[in-house]
There are 2 protein chains.
Amino acid sequence: MGAKPQLIVKGRKFDQVLEGARNVFMRDGFERASVDDIAREAGVSKATLYAYFPDKRLLFLECASAECRRQAADAESHIDPNAPIADVLRLAAERITAFMLSEFGQRIYRVAVSESENFPAIAQEFYHSGPKLVQGRIAEALRCAVERGEVAIDDIPFAAAQFAQLCKVDIQDRLIFAPAPCCTPQDTTRVIEGAVAMFMARYGVKV
Amino acid sequence: MGAKPQLIVKGRKFDQVLEGARNVFMRDGFERASVDDIAREAGVSKATLYAYFPDKRLLFLECASAECRRQAADAESHIDPNAPIADVLRLAAERITAFMLSEFGQRIYRVAVSESENFPAIAQEFYHSGPKLVQGRIAEALRCAVERGEVAIDDIPFAAAQFAQLCKVDIQDRLIFAPAPCCTPQDTTRVIEGAVAMFMARYGVKV
DNA sequence: GATGTTCTGAACTGAGCGGTTCAAATTTAT
DNA sequence: ATAAATTTGAACCGCTCAGTTCAGAACATC
């Protein structure tokens, strides 16, 4: 049989550890997560865990980095640069709101904010593999649309940031601060349509 | 001499305790703040502290509530409902960005997010005495402007939320996630002017 | 099935923290 | 001055948690 792809990981349980840590850290944050809990969740002995990661902080850093990479990979959507810009924006808005509404999106944001002071490196990585990356994608699409003459924009990155921001209207704050059932699909749709309408009103070229 | 205003507080050191707790909680968050630290910061013995607040959580709740009230009081600015709406919005935007950029604004947001899961009541109070309140103020101003025929808006609260959101473009994320020197006054001005321009393009009535 | 590696489980250390206690000291009120 | 209320400091309890240790079991490899 063909040799299985031998990864650089030293032992069998490496991935289990990372997976378990991911769950617990995302659930409880860095401080409240206990190493014993992580070991239990990972189905691994504490000794094994410490064989791989001699320090809780290192384990957290590794997890957070992995999550950021995963997040960036998930954002790898193919944007059709030839579609009408309003459609492209609507699609982007749908992805942004969906991410915010997802369990994963909320948890990672919370953890990133909470630990941004103790782990500034992680905060930066999150920023670049999340908001900044999205902004860049939108900017690319806008650049195409400007060339096609659909929109007139002087500061493209800024306009992209404005649009991304408009997608969060009322959703982000309520998700974080208000109790659970706070964003109906209708709300989301209104935010998305509102964002597109506002953006086109500002930058759209009258036909 | 006239009797000093006797507050309902039982002892002399009550305010000291609250003040010290405020500082430490805002610096370290709930979990990382130690009661011994708070007592030291307040210049008060641990026994005294526990005489007033028999529980760390109660102390935190009291502090957070007080901060929310303070925050709401600070927002008590007089909006001239007869001024042109663009000017009103510009002023509101300046206040919003100034708050975000302030040390206080950043700390309270961070703490609110961090503790929103363990203290949902606090999170809600923060939301209502902060973002929600601001949104309400803007909505009022918009209502006047609609009556004057300066703008045409169907969903006023939503439009207010949109504007408030536009004031945070790129600032909020960078303040939280990126290292310190990240927002020049020029950046801020661009965000404010960009928000007003966009809002007026969408809702302004052509003269 | 022998050998070397990885994993286990459970006990242990040491430190920090929330919360308590109390006799003595200080402040305030009468 | 005296009595009552408040504050102090320091020791103390019980608990949790990060990190260590190690003899032996499970596993992989040849």
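Computed on protein heavy atoms with a 1.4 Å probe, what is the summed buried accessible area for the chain pair A and B, in Å² to the nearest 100? Can you show the working numbers first?
Values: alone 12530 and 12530 Å², together 21040 Å².
Interface between A and B: roughly 4000 Å².
Report, as an integer, the average count of C-beta atoms from other chains found within 10 Å of each Cβ along B:29-38. Spell out each step's value before the answer.
Working: counts 4, 1, 5, 3, 0, 0, 0, 0, 0, 0.
Partner Cβ neighbours, averaged per residue: 1.
Would you kindly derive the ³J(HN,Hα) couplings of the stretch A:191-202 from the backbone phi angles with the Karplus curve 6.51 cos²θ - 1.76 cosθ + 1.60 (θ = phi - 60°), listing them in order in whole Hz, with x for Gly and Pro?
5, 4, 4, x, 5, 5, 4, 5, 5, 5, 4, 7
Take the alpha carbon gyration tensor of the protein assembly as shown, find the square roots of its eigenvalues, order them as a ≥ b ≥ c, and report rounded if a/c is under 1.5; if not, report prolate when a/b exceeds b/c, else oblate. Intermediate values should be presented prior to the final figure.
On the way: a/c = 2.45, a/b = 1.08, b/c = 2.26.
Because a/c hits 1.5 or more and a/b fails to exceed b/c, the protein assembly as shown counts as oblate.
Where a ≥ b ≥ c are the square roots of the eigenvalues of the C-alpha gyration tensor, would you call the stretch A:70-203 rounded, which needs a/c under 1.5, or, failing that, prolate if a/b is larger than b/c, or oblate?
Details: a/c = 2.09, a/b = 1.40, b/c = 1.49.
It is oblate, given that a/c is not under 1.5 and a/b is not larger than b/c.
Going by a ≥ b ≥ c, the root eigenvalues of the Cα gyration tensor, does the stretch A:1-116 fall in the rounded group (a/c under 1.5), the prolate group (a/b larger than b/c) or the oblate group?
Working: a/c = 3.32, a/b = 1.64, b/c = 2.03.
In terms of gyration-tensor shape, oblate.
Ignoring ligands, DNA and RNA, what accessible area per residue does the protein assembly as shown give at 1.4 Å, in Å²? Each step should come with its number before you reach the end.
Working: 21040 Å² over 414 residues.
Computed with neighbouring chains in place, this is 51 Å² per residue.
At a 10 angstrom cut-off on C-beta neighbours, averaged per residue, how do the peptides A:86-98, B:172-184 rank from highest to lowest? Write out the running numbers ahead of the final one.
Details: A:86-98: 18.8, B:172-184: 15.4.
Descending packing order for the listed peptides: A:86-98, B:172-184.
On the accessible surface of chain B, probed at 1.4 Å, how many percent belong to carbon and sulfur atoms? Write down the numbers at each step before the final one.
Details: 5860 of 10520 Å².
Within chain B, the accessible surface is 56 percent carbon and sulfur.
Note down the net charge around B:Gln16, summing +1 for each Lys or Arg and -1 for each Asp or Glu among other residues with Cβ under 15 Å from its Cβ.
Working: positive: B:Lys10, B:Arg12, B:Lys13, B:Arg22, B:Arg40, B:Lys46; negative: B:Asp15, B:Glu19, B:Asp37, B:Glu41, B:Glu62.
Net of charged neighbours comes to +1.
Taking chain B as the reference, fit the longest principal axis to its C-alpha atoms, fit the long axis of helix B:156-166 to the helix C-alpha atoms, and give the angle between the two in degrees, 0 to 90, nearest 10.
70
Only Cα pairs under 8 Å and at least 6 apart count here; give the relative contact order of chain A as a rounded whole percent. Write down the numbers at each step before the final one.
Numbers: 162 pairs, mean separation 40.8, N = 207.
Over chain A, the number comes to 20 percent.
Peptides A:12-18, B:149-155, B:134-140, A:164-170: what's the order by average Cβ count within 10 Å, highest mean first? Write out the running numbers ahead of the final one.
Numbers: A:12-18: 17.1, B:149-155: 14.1, B:134-140: 19.3, A:164-170: 24.4.
Result, highest mean first: A:164-170, B:134-140, A:12-18, B:149-155.
With θ set to phi - 60° and the Karplus curve 6.51 cos²θ - 1.76 cosθ + 1.60, what are the ³J(HN,Hα) couplings of the stretch B:94-109 in order, to the nearest whole Hz, using x for Gly and Pro?
Taking θ as phi minus 60°, the curve returns 4, 5, 5, 5, 4, 5, 4, 6, 6, 3, 4, x, 5, 5, 5, 5 Hz for the stretch B:94-109.
Taking every residue in A:185-195, how many Cβ atoms of other protein chains lie within 10 Å of its Cβ, on average?
Values: counts 0, 0, 1, 0, 0, 2, 4, 0, 0, 6, 2.
Mean shielding count: 1.
Could you work out the local net charge near B:Ile176, counting Lys and Arg as +1, Asp and Glu as -1, over the other residues with Cβ closer than 10 Å to its Cβ? Spell out each step's value before the answer.
Numbers: positive: B:Arg110, B:Arg174; negative: A:Glu117, B:Asp173.
Local net charge: 0.
Per-residue mean of other chain beta-carbon atoms within 10 angstrom of the beta-carbon, peptide B:113-120?
Working: counts 9, 9, 1, 7, 8, 2, 0, 4.
Counting other chains' Cβ atoms within 10 Å and averaging over B:113-120 gives 5.
Please list A:His78, A:His128 in order of solvent-accessible area, largest first, computed with a 1.4 Å probe with all protein chains present. Let's see the in-between values first.
Working: A:His78 175, A:His128 95 Å².
Per-residue accessible area, sorted high to low, gives A:His78, A:His128.
Residue by residue through the stretch A:49-61, which ³J(HN,Hα) values in whole Hz follow from phi under the Karplus form 6.51 cos²θ - 1.76 cosθ + 1.60 (θ = phi - 60°), with glycine and proline marked x?
The phi angles translate into 3, 6, 5, 8, 10, x, 7, 4, 4, 4, 4, 5, 4 Hz.
With runs of 4+ DSSP H residues as the only contributors, calculate the mean residue ellipticity of the protein assembly as shown at 222 nm using -39,500 (n - 2.57) per run, divided by the residue total and rounded to the nearest 500.
On the way: 22 runs with 294 residues, N = 414.
For the protein assembly as shown, the value works out to -22500 deg cm²/dmol.
Specify the inter-centroid distance of the stretch B:82-137 and the stretch B:152-191, based on alpha-carbon positions, in whole Å.
After rounding, the separation between the Cα centres reads 11 Å.
The values are calculated or read from the model by the stated rules, or taken from the named source; none is laboratory data. These numbers come from a predicted model, not from an experiment. Note that we place each Cβ from the backbone using ideal geometry, even for glycine, and neighbour counts take in every protein chain shown. The protein model used for the area step is the full one, side chains on, heavy atoms only, and it has no ligands, DNA or RNA in it. Shrake-Rupley method; radii C 1.70, N 1.55, O 1.52, S 1.80 Å.
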